[in-house]
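To keep things clear, I will list the structure first and then write my remarks on it.
Every number here is computed from the coordinates shown, using simple stated rules; none is lab data. Remember, predicted model here, so these are calculated numbers, not experimental data. Cβ: placed from backbone, ideal geometry, glycine included. Neighbour counts: every protein chain shown.
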Amino acid sequence: MTTSTLAVTVSKISGDSANSLARDLVEDRVAVEVSLEIRVGYSTPLGRTASSISITMRTPGDDAELAIGFLYSESVIQSAGDILSVDHSGPTSPDTGSHNIIRIDLAAHVDIDLGRLQRNFYTTSSCGVCGKSSLDALRIIGAEPLNNDKSEFAKDVLTAMPGALRDQQRAFEQTGGLHAAAAFNSQGEIRVVHEDIGRHNAVDKVIGTLLTRDLLPASDLGLIVSGRASFELMQKTLIAGIPLLAAVSAPSSLAVQLANEFNVSLVGFLRDDTFNIYSAGERIT
């Protein structure tokens, strides 16, 4: 059984005096962080082959959804029908029960351009691609502004979402160390929620789940994330056809630029009964 938290023994420090420390040995739980290699199998003129396309540090659990969401947000796949099979492999961790390799075999009709993927893997903030190059990469893969979307989200729905998300953060309650992402409808109902030590992984898990449920593009849903709104999260929101991204923390400058160019509603500092609208405010009623 895969576990997302591990028990550790810690020295808990307390004391009423600056000259003394009281050390109590107690059990605590920490979020698991281990690598996952994503491989794809695909057809070539010479037959089937497989390539490793990404290694990410993640919290085990829902690995298939993570990998599927990653492939979708990178425009490698367009629908669940592009996937033939999903298999875990590699050694099993004795602590977490998880495998560290996941292979997704693609249907014969899927044309995968490994060169483009290597050039345009812009989903991590450390990749060194920014600004105009990042936006150009989105245009190359065919991302289009959400100009025809007519969805609306009430203020009361938005202000209720951080509490609703927190109520479903099971692992966060134990560790305090996991990000969360959730897709919700205009009535404030959470349709999908996932946690992960990486905020981009949490979003990929949500997108992968939506794809397997045939709910993409998700023009009737919003996405809330427990941290900040970065470019990587905004581009995943756009590719999934989700018209609104709400974050409990701040957005980055490039996330704001991307949201304005592609007409995605961007909400930041969503706390208590207040928030900031950075783009496409007409969807907020």
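In sequence order, what are the phi-derived ³J(HN,Hα) couplings for segment 56-62 according to the Karplus relation 6.51 cos²θ - 1.76 cosθ + 1.60 with θ = phi - 60°, rounded to whole Hz, with x for glycine and proline?
Coupling constants for segment 56-62: 10, 8, 9, 8, x, x, 6 Hz.
Pairs of Cα atoms under 8 Å, at least six residues apart: use those to get the relative contact order of segment 155-283, whole percent. The partial results should precede the final answer.
Working: 269 pairs, mean separation 25.8, N = 129.
The value is 20 percent.
Return the aspartates and glutamates within reach of Lys12: Cα separation strictly under 16 angstrom, same-chain partners fewer than 8 residues apart disregarded; answer none if there are no such residues.
Cα-Cα hits under 16 Å: Asp24, Glu27, Asp28.
Taking H placed 1.01 Å from N in the peptide plane, check which residues at least 5 places from Arg191 or on another chain put their amide H under 5 Å from its amide H.
For Arg191, whose amide H was placed from the backbone, the distant partners under 5 Å are Ala183, Phe184, Asn185.
Give me a comma-separated list of calculated 3J(HN,Hα) values for segment 196-209, in order, Karplus coefficients 6.51, -1.76, 1.60 applied at θ = phi - 60°, integers in Hz, x for any Gly or Pro.
Values per residue, Gly and Pro as x: 6, 5, x, 5, 5, 5, 4, 5, 4, 4, 5, 5, x, 5 Hz.
Sorting check: for 242-248, 214-220, 263-269, which peptide has the highest mean count of neighbouring beta carbons within 10 Å, and how do the rest follow? Don't jump to the answer; show the numbers that get you there.
Details: 242-248: 26.1, 214-220: 17.0, 263-269: 22.6.
Ranking, from highest mean packing down: 242-248, 263-269, 214-220.
If the reach is capped at under 19 angstrom between alpha carbons, list the aspartates and glutamates near Lys155, excluding any in the same chain fewer than eight residues apart.
The qualifying aspartates and glutamates are Glu189, Asp220, Asp272, Asp273, Glu282.
Please list, in order along segment 221-236, the HN-Hα scalar couplings obtained from phi with the Karplus expression 6.51 cos²θ - 1.76 cosθ + 1.60 (θ = phi - 60°), rounded to whole Hz, x for Gly and Pro.
Listing the rounded values in order: 10, x, 10, 10, 10, 7, x, 8, 9, 9, 4, 4, 6, 5, 5, 5 Hz.
Report the normalised scattering of segment 171-285 as log10 I(q)/I(0) at q = 0.12, 0.18 Å⁻¹, calculated by the Debye formula with identical scatterers on the alpha carbons.
Taken in order of the listed q values, log10 I(q)/I(0) reads -0.36, -0.85.
For segment 237-285, what is the relative contact order in percent, using Cα pairs closer than 8 Å and at least 6 residues apart in sequence?
On the way: 72 pairs, mean separation 16.4, N = 49.
Once divided by the residue count of segment 237-285, the mean separation gives 34 percent.
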